[in-house]
Amino acid sequence: SKLGAHYTPRAYVERLVIPTIMEPLRADWRDAAVTAEKLMAEGKREQAIETVSDFHNQLCLTRVLDPACGSGNFLYVALELIKQLEDEVIDALVSMGGQQSLAMAGHTVDPHQFLGLEVNPRAAAIAELVLWIGYLQIHYRSTSKHPAEPILRAFHNIECRDAVLVWDGYPLP
């Protein structure tokens with residue numbers, strides 16, 4: 001507690017992640033799904049598949065930042081919830097006759113999209129591991145196939161620095 005470090009329970013994390021990250025993504029997904037459904041009804045299957053694929057691409061480009069990530073609980077919860085949404089998107093794509101292999105081809109939501117800043121080097125290292133272990137657990141819950149090689153990559157997406165007091169160009173000459 002003297003360091004200002006503490007564990008934030010998942011319920012508290014979800015109270016932030018759901019309205020700030022998931023609700024906007026789910027609204028975009030609802031729009032894409034309605035558009036795709038309309039296109040399918042009009043017999044425009046390829047355009048419907050493209051609409052869902054475009055949304056999947058948007059998920060794969062989404063970035064989440066925790067400027068005081070500690071051991072990565074916020075980032076892990078965000079990863080898990082976005083991966084659940086990705087599963088829904090891929091299921092919709094498959095039901096339209098699209099490719100299920102998008103995620104297997106390496107085009108998937110993965111830890112590189114989840115960025116963190118943390119002053120404690122040990123916590124920063126743990127956060128990176130939490131993301132990878134969490135990602136692998138999520139992956140193996142939905143399939144027995146291995147993710148694209150290399151399975152673990154050094155993205156350096158968790159930086160050990162102070163988000164408030166350090167900026168590009170610090171220290172001044």
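The values are calculated or read from the model by the stated rules, or taken from the named source; none is laboratory data. Model, not experiment: these values are computed from the prediction. When we count neighbours, we look across all protein chains shown, and the Cβ atoms used for this are built from the backbone with ideal geometry, even at glycine. In case anyone asks, the SASA skips ligands and DNA or RNA and just uses the protein heavy atoms, side chains included. Shrake-Rupley method; radii C 1.70, N 1.55, O 1.52, S 1.80 Å.
A compact table of results
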read-out	value
Given charges at beta-carbon only (K, R positive; D, E negative), |dipole| of the range 1-155 in Debye	480
Scattering curve values for the chain, log₁₀ I(q)/I(0), Debye with Cα scatterers, q = 0.14 Å⁻¹	-0.80
Relative intensity, log₁₀ I(q)/I(0), of the range 30-72 from a Debye sum that treats every alpha carbon as a point, q = 0.15, 0.25, 0.27, 0.35 Å⁻¹	-0.48, -0.80, -0.87, -1.10
Relative contact order, percent, the range 1-157 [alpha-carbon distance under 8 Å, six or more residues apart]	25
Area of residue 155 that stays accessible when all protein chains are in place (1.4 Å probe, Å², to 10)	70
Computed accessible area, residue 160, all protein chains, 1.4 angstrom probe, square angstrom	70
Carbon/sulfur fraction of accessible area - the chain, other protein chains in place, 1.4 Å, %	57
